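The values are calculated or read from the model by the stated rules, or taken from the named source; none is laboratory data. Since we're looking at a predicted model, the values are computed, not measured. Cβ: placed from backbone, ideal geometry, glycine included. Neighbour counts: every protein chain shown.
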Amino acid sequence: MDSSITAAARALRTGDPLGALQRVALRDDPPALALRGIAMAQLGDLPKARELLRRAARGFGPRESLGRARCLTAEAEVALAGRDLAWSSRPLAEALRTFLAHGDLENAAHARLLQIRRLLLLGRVDEAEGALATLDRELPARLAAVAALVAFEIALRRGGPEQARAALEVARDAASRSGIPALAAEVDHAGRALVLPAARLVAAGEGRPVTLAEVAAVLASADLIVDGCRRAARRGERVVRLFRRPVLFALLRTLAEAWPEDAARAVLIEHAFGARRQNASHRARLRVEIGRLRQELLPLAEVRAAPGGFMLVPRGAGAVRLLAPPIESPDAAVLALLADGEGWSTSALALALGSSQRTVQRALRTLEESQQVRSVGRGRSQRWLSAPIAGFATTLLLPGSEGFG
């Protein structure tokens with residue numbers, strides 16, 4: 001490999017894309033095209049980066065399988081940065097096999113980390129955690145920092161502030177050793193999730209913001225916790241999940257907000273069914289749904305009839321506390337994904353949320369009308385953006401977070 005290619009590669013490894021381009025900008029041979037593509041990706045021009053990387057991959061011959069594998073890996077990283085979650089995983093798997101066959105363990109670890117990060121974006125936290133556990137612990141500093149950031153993200157979604165803090169320290173140390181300023185800045189930005197409010201704690205009608213560490217302490221208490229972030233009721237190790245039963249959770253939340261008093265029937269009907277003008281049919285339906293909620297909550301609490309409505313009564317001692325989400329919106333999960341500041345396609349949002357594109361499109365239209373999101377581009381190149389959400393963390397609203405605890 002000639003000196004210009006070596007110098008450009010060294011510049012890219014230290015986070016200096018302009019320095020790399022100065023050395024190979026006028027060259028069209030496959031190695032130079034690959035380095036130009038990576039440089040453009042670091043500068044944020046993702047479409048140009050993908051074009052250059054594809055040209056480079058096509059230019060490498062049959063005996064240059066490692067060069068092609070590196071291009072495929074770089075293109076997968078560009079796709080991930082552009083939140084293109086629909087890209088085929090086969091080329092990256094092919095690249096990983098090539099690296100392992102040639103004993104290129106550093107690039108193999110890089111490819112594996114890309115696979116794990118994609119799993120996280122799709123909300124497949126269990127799979128990501130299992131894959132991360134198999135990763136080699138002796139990594140170069142830049143990859144060690146990325147691996148620690150992945151561990152940090154998993155810990156956040158698991159609701160483990162201590163584990164997250166430990167992973168963040170590992171990431172900070174590795175980023176410092178790497179000498180890459182952008183990586184150090186990414187670690188510092190990630191750490192904000194530990195100090196920003198992640199939810200609001202409501203008890204006896206009074207609410208206050210709480211951090212992730214405070215959330216963990218609340219969930220470890222002896223109180224009955226109605227978890228509005230993951231739509232569940234919790235007490236110690238016992239959990240009743242109502243994530244897929246929105247009517248029952250709406251009733252439970254309304255009862256928790258009213259505790260220690262009873263919740264009026266009219267309020268329960270409005271919150272659960274969206275009916276302001278109520279009739280006998282609504283009241284009959286309320287009795288049916290309250291009966292279902294009673295059955296679900298049997299291990300944790302009773303739902304007692306009261307003269308004015310219904311009351312939530314925890315079994316044994318303890319209070320009722322509500323963890324309310326930081327964003328009170330039916331489209332909170334979409335906003336939580338867009339809060340990373342990247343441009344997401346409708347298809348990527350649908351994949352990450354496990355929803356249909358039509359459902360996501362309806363949510364985006366609603367958010368666009370309220371000026372919370374905006375789109376750029378048209379057709380297949382259209383991407384959705386939101387301003388970074390200041391003042392609180394969206395960790396508990398991300399896909400896969402319902403597995404907390």
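General observations
- Qualifying positions in the stretch 211-225 - in a helix (DSSP H, G or I) and either touching a residue at least 60 places away in the same chain (Cβ under 8 Å) or of a type in the set (Lys, Arg) (or both): Leu212, Val215, Val218, Leu219
- Residues being assigned to a helix (DSSP H, G or I) and not hydrophobic (A, V, I, L, M, F, W, C) - total across the stretch 78-103: 5
- Residues in the stretch 294-318 that are modelled with pLDDT under 90 and either surrounded by 18 or more Cβ atoms within 10 Å (Cβ to Cβ) or among the hydrophobic types (A, V, I, L, M, F, W, C) (or both): Ala317 alone.
- Meets criteria (touching a Pro at 6+ places or on another chain (Cβ under 9 Å), touching a residue at least 12 places away in the same chain (Cβ under 8 Å) and aromatic (Phe, Trp, Tyr)) for Phe99: no
- Inter-residue pairs, beta-carbon under 8 Å, first at pLDDT 90 or above and among the polar types (S, T, N, Q) and in the stretch 109-133, second part of a helix (DSSP H, G or I) and crowded, with 20+ Cβ neighbours inside 10 Å, 6+ apart: Gln115/Leu92; Gln115/Leu96
- Annotation note: of Ala339, Ala333, Ala324, the sole residue that is buried (at least 20 other Cβ atoms within 10 Å of the Cβ), among the aliphatic types (A, V, I, L, M) and touching a strand residue (DSSP E or B) at 6+ places or on another chain (Cβ under 6 Å) is Ala324.
- Residue satisfying all of: in the stretch 161-179; surrounded by fewer than 19 Cβ atoms within 10 Å (Cβ to Cβ) and among the hydrophobic types (A, V, I, L, M, F, W, C); nearest to Leu12 (Cα to Cα) among these: Val170
- Only one entry in Ala336, Ala348, Ala305, Ala319 is more than 30 Å from Ala81 (Cβ to Cβ), touching a residue at least 60 places away in the same chain (Cβ under 8 Å) and of a type in the set (A, V, I, L, M, F, W, C), namely Ala319.
- Residues of the stretch 1-13 satisfying the condition of being crowded, with 16+ Cβ neighbours inside 10 Å and within 33 Å of the chain's Cα centre (by Cα): Ala9, Ala11, Leu12
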